[in-house]
Amino acid sequence: MKAPIIHLVAGARPNFMKVAPLWHALTADSWCDSRIVHTGQHYDDRMSSRFFRDFKLPQAHYNLGVGSGTHAHQTADIMMAYEAICLSERPDWTVVVGDVNSTMATALVAKKLCIPVAHLEAGLRSGDRTMPEEINRLVTDSIADLLWTPSADADENLLREGHDRGSIERVGNIMIDAFEMLRPVIESTATDHLTRHPAATYAVATIHRPSNVDSPSDLSAVVEALMDVQQEWPVVFPVHPRTEAALERFDLRSRLLNAGVTLLEPLGYTEFMALVRNARLVVTDSGGIQEETSYLGIPCFTLRENTERPVTLSQGTNRLVSPATLVESVRTAPPVCRRAIEYWDGNTARRVVDSLRRHVGRAGACGAIS
Ligand code: UD1
């Protein structure tokens, strides 16, 4: 009998570390035929290929090569290209991860072709519909057949939205699998910065959300706040391409450099996690980094008004701050008391594979879970 074909979709940087543990768990035995579909939303070495190397992923079986563009363009390009693939090679399931445009676009295509869809990292909600990722989460979850959640709050969000309990399975946080997979490499990685600064004597910053970088006033406020943090702890700031372009456009790059902030190119996974693991604190607006710092017990200051990952506030090391409150929060942060979050244990990929094995071949018309 032919092995079922599973498409694993990855498009942007935060997807690659979610797909990697899953790919390795799925290919550990031969019950299914897994194929990586890279949409090409992120395309350059710093944002894409390097993560394939870090995680020992094979070259993507399909690369849709869509590149950058407006949301509508990018989404439409992904949909057209993925539809062509699904028509020529009908997968038995399409697995999407996270909340980027690639997640939503490929889920839409698969569902319209009656291909069952599973969403890993389902149920997260910031409640903020100005975030493009929140729209992607809502749309993807509303049509997915199987909803794999990382935490209890995600289950509750889905139940509140009327999802059937039978379609929701709490599998845990796949980002922790990614970290555990590469922990030995991360722990032996020596970056230039680590050679110069002992552990727990510097801050790491990552900022790229449109709400923080797309307007000159928002980005200026963030830059000022980072300059204040630099007075307390040296700041190392690997700069996302969106932020790099905005710093140039608004002429703010030199302010950071003059204040002594270390600006770096975007880093690979192992280098970045080595930097975070040894940091005194992290300032971010990323979703995944709120989780990784909580897992590692590193204080995290999130420059956002809300988070779709509230478990990092209640059980982790995360706190929400504004540019105006950042430096005071950094100064007065209490010592971290680290608690284990249920199912954030490095076994999420195994639970996902078990779930998929149970469901493959059992989905009814158009993917309905029976
Ligand atoms: C996307 C995701 C966001 C995720 C982030 C992580 C959506 C809606 N947003 O945002 O959720 O947190 O990725 O990085 O899906 N660029 C490069 N090289 C690349 C890719 C992009 O230089 O390989 C440049 C683009 O030209 C563009 C900018 O980075 O100017 C932003 O890229 P884009 O994919 O539009 O969105 P992100 O801000 O990265």
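The values are calculated or read from the model by the stated rules, or taken from the named source; none is laboratory data. Note that this is a predicted model, so its numbers are computed, not measured. Quick reminder, even Gly has a Cβ in these numbers, built from the backbone with ideal geometry, and neighbours come from all protein chains shown.
Some notes on this structure:
- Residue within the stretch 38-51 that is closer than 19 Å to Pro14 by Cβ, modelled with pLDDT of 95 or more and more than 12 Å from the ligand (Cβ to nearest atom) present: no
- In the stretch 17-34, the residues that are in contact (Cβ under 8 Å) with a residue 60 or more places away in the chain, closer than 25 Å to Gly65 by Cα and touching a strand residue (DSSP E or B) at 6+ places or on another chain (Cβ under 7 Å): Lys18, Val19, Leu22, Leu26
- If you check Leu87, Leu159, Leu138 for being closer than 28 Å to Ile341 by Cα, more than 22 Å from the chain's Cα centre (by Cα), assigned to a helix (DSSP H, G or I) and of a type in the set (A, V, I, L, M), only one passes: Leu159.
- Among residues of the stretch 56-85 that are over 13 Å from Ser102 (Cα atoms), those with a Cβ under 6 angstrom from a residue that is more than 10 Å from the ligand (Cβ to nearest atom) and among the basic types (Lys, Arg), sequence gap 6+ or separate chain, pair up as His61/Arg35.
- Of Asp153, Asp228, all but one fail to be farther than 20 Å from Met17 by Cα, over 23 Å from the mean Cα position of the chain (by Cα), surrounded by 15 or more Cβ atoms within 10 Å (Cβ to Cβ) and acidic (Asp, Glu); the exception is Asp228.
- Residue pairs meeting the criteria (Cβ under 9 Å; at least 6 apart or on separate chains; first over 14 Å from Asp128 (Cα atoms) and assigned to a loop (DSSP other than H, G, I, E, B), in the stretch 303-319; second among the basic types (Lys, Arg) and at pLDDT 95 or above): Leu303/Arg209; Gly316/Arg309
- Exactly one residue out of Ser314, Ser286 is among the small types (Gly, Ala, Ser) and touching a His at 6+ places or on another chain (Cβ under 8 Å), and it is Ser286.
- Filtered by the rule that a residue be in contact (Cβ under 8 Å) with a residue 40 or more places away in the chain and not charged (D, E, K, R), the stretch 87-105 gives Pro91, Trp93, Thr94, Val95, Val96, Val97, Gly98, Val100, Asn101, Ser102, Thr103, Ala105.
- Enumeration of residues in the stretch 194-217 that are of a type outside the set (A, V, I, L, M, F, W, C), over 18 Å from the mean Cα position of the chain (by Cα) and surrounded by fewer than 19 Cβ atoms within 10 Å (Cβ to Cβ): Thr195, Arg196, Pro198, Thr201, Asp214, Ser215, Pro216, Ser217
- Against the list (1) of a type in the set (D, E, K, R); (2) touching a residue at least 12 places away in the same chain (Cβ under 8 Å); (3) over 20 Å from Glu308 (Cα atoms), the condition Asp192 fails is (2).
- Scanning the stretch 101-123 for residues that are under 21 Å from the mean Cα position of the chain (by Cα) and surrounded by fewer than 24 Cβ atoms within 10 Å (Cβ to Cβ) yields a single hit, Leu108.
- Residue that is nearest to Arg362 (Cα to Cα), among those in the stretch 116-144 that are touching a Lys or Arg at 6+ places or on another chain (Cβ under 7 Å) and more than 16 Å from the ligand (Cβ to nearest atom): Val117
- Any hit, the stretch 242-261, residues being under 21 Å from the mean Cα position of the chain (by Cα), in a loop (DSSP other than H, G, I, E, B) and either within 16 Å of the ligand (Cβ to nearest atom) or on the phi > 0 side of the Ramachandran plot (or both): no
- Whichever residue in the stretch 272-300 is among the polar types (S, T, N, Q) and either in a strand (DSSP E or B) or out of contact with any Lys or Arg (no Cβ under 7 Å at 6 or more places or on another chain) (or both) and, among such residues, is farthest from the ligand (Cβ to nearest atom): Asn278
- Residue selection: Tyr269 fails the criterion of being under 17 Å from the mean Cα position of the chain (by Cα), of a type in the set (Phe, Trp, Tyr) and away from the ligand (no atom under 16 Å from the Cβ).
- Selection count, the stretch 195-241, where residues are under 17 Å from Ile298 (Cα atoms), assigned to a helix (DSSP H, G or I) and β-branched (Val, Ile, Thr): 1
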